[in-house]
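Below is one structure, written out as structure tokens, with a few remarks after it.
Each reported figure results from applying straightforward, stated rules to the coordinates on display, with no laboratory input. All figures in this text were calculated on a predicted structure; none of them were measured in a lab. Here the Cβ positions follow ideal geometry from the backbone for every residue, glycine too, while neighbour counts run over all protein chains shown.
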């Protein structure tokens, strides 16, 4: 890159100035009516009126001189006002006519009028993407938008290099060899060019990714460069380990060989024992199915085994060899007397008929009294015929949220069945299994959904008023009655 040259007038301009000076000196004594020098027009194309100045930066202005013309589309619109040097950049101040309108991103170039003509500056709009703003007074055209034309000396030097052993013979040889190499292979070359075009297009589409990968690689190499000592120490630390591995190469090879043999033996054993393994798994299937069915009861039974013979909820009452029990007895004198004295049978319900076959008869409790049937009758006394048990229980396939027994069943008022998952009310009972335990108004063994909730009126009180129970503490705790 050549630096800016000094503003030296061309030879032709100096000769013209010298001849003009000589003629002026010769004509002065004659007193001829020649115009004054001040009346001569200025060189270049200085605007007639007020214009505006623009500064253009060039890397090389060649032999451009002040007062040189400034042209737009080969029309002179101004002149070079001043040429200065700022570091290695030449700054050319141009004065343009006020009527000249150029975009803010205009370009400038130093050109030559002819082969041996003078230099001038041409200003033009960019080829594409002209700005909407105008180029104004004091604006600067930077180096990125300026250029210069090739000089005659550069063209002649390049031509001389080409003609004086510069490679014409080599170009002919290259062209001949290239023609012979491509002769008959035009389709393959054309396909190769298409593939190359596709490859270059793919690289173009992935240019951002490639640049990002190169930047990441640059950051990685920079970090590795900063950690060169650490990486060197790590590599030095690997040397003893690699030495040990090299020394134990034979053992490692034998171990890998033995591992391969073990794999073959294991595969052979698994293949031969396949039938026995499948048979064993099939034999385990019933056991696993039963364990799955007992999945809910098994943890509870294990919990009960830890406190046998008492249920888990009384372990807090056992202190040493004593058991603290609290019993709430509801002694209803009228109920006790009604059990002691034979009561008259209740009136028969008009809508009930004789008992139907298959009706479940509630078992009688031994000792003091009998368990009531749905409707309030007892097992040994004459009772009013009741509806079938299926009519006094909800449909298990369409279990409602709250089921109220029909009035014909004569169950205690407020006795209701709640859908499984409902909260247990005070004094209610949650059925852990599908069968109703003893101690309710329903016959023991009645089938309901697991998790059904019985309200408090469905539970028989432990008073002997309706259903007496004879036995020890274990029989009492095994009834499943909740208060």
Self-check item: Largest-first principal axis extents, alpha carbons of segment 119-273, Å
Solution: 96, 56, 40
Exercise. Obtain the nm distance between the two label points defined at residue 162 and residue 408 by a simple spin-label model: each point lies 7 Å from its Cα along the Cα-to-C-beta direction.
Key: 12.0
Quiz item: Rounded to the nearest 0.05, what FRET efficiency is calculated for residue 398 and residue 283 with R0 set to 35 Å and r the Cβ-Cβ distance?
Solution: 0.30
Quiz prompt | Cα centroid separation - segment 264-279 against segment 96-113, whole Å | solution = 92
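Rounded to a whole number, what is D in µm²/s for segment 121-161 from Stokes-Einstein with the Kirkwood radius over alpha-carbon pairs (4 °C, 1.567 mPa s)? Please list the in-between numbers first.
Working: Rh = 13.4 Å.
Result for D is 97 µm²/s.
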Quiz item: Over all pairs of distinct alpha carbons, what does the Kirkwood formula give as the hydrodynamic radius of segment 208-259, in Å?
Solution: 14.2
Quiz item: Where both partners of a DSSP beta bridge lie in segment 76-139, what percent of those bridges are antiparallel, to the nearest 5?
Solution: 100
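Quick one: Kirkwood hydrodynamic radius for segment 191-305, alpha-carbon pairs, angstrom, one decimal? Please report the intermediate quantities before stating the final value.
Details: mean 1/r = 0.0434 Å⁻¹.
About 23.0 Å, per the Kirkwood formula over Cα pairs.
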Quiz item: Under the Kirkwood approximation applied to all pairs of distinct alpha-carbon atoms, what is the hydrodynamic radius of segment 157-205 in Å?
Solution: 13.5
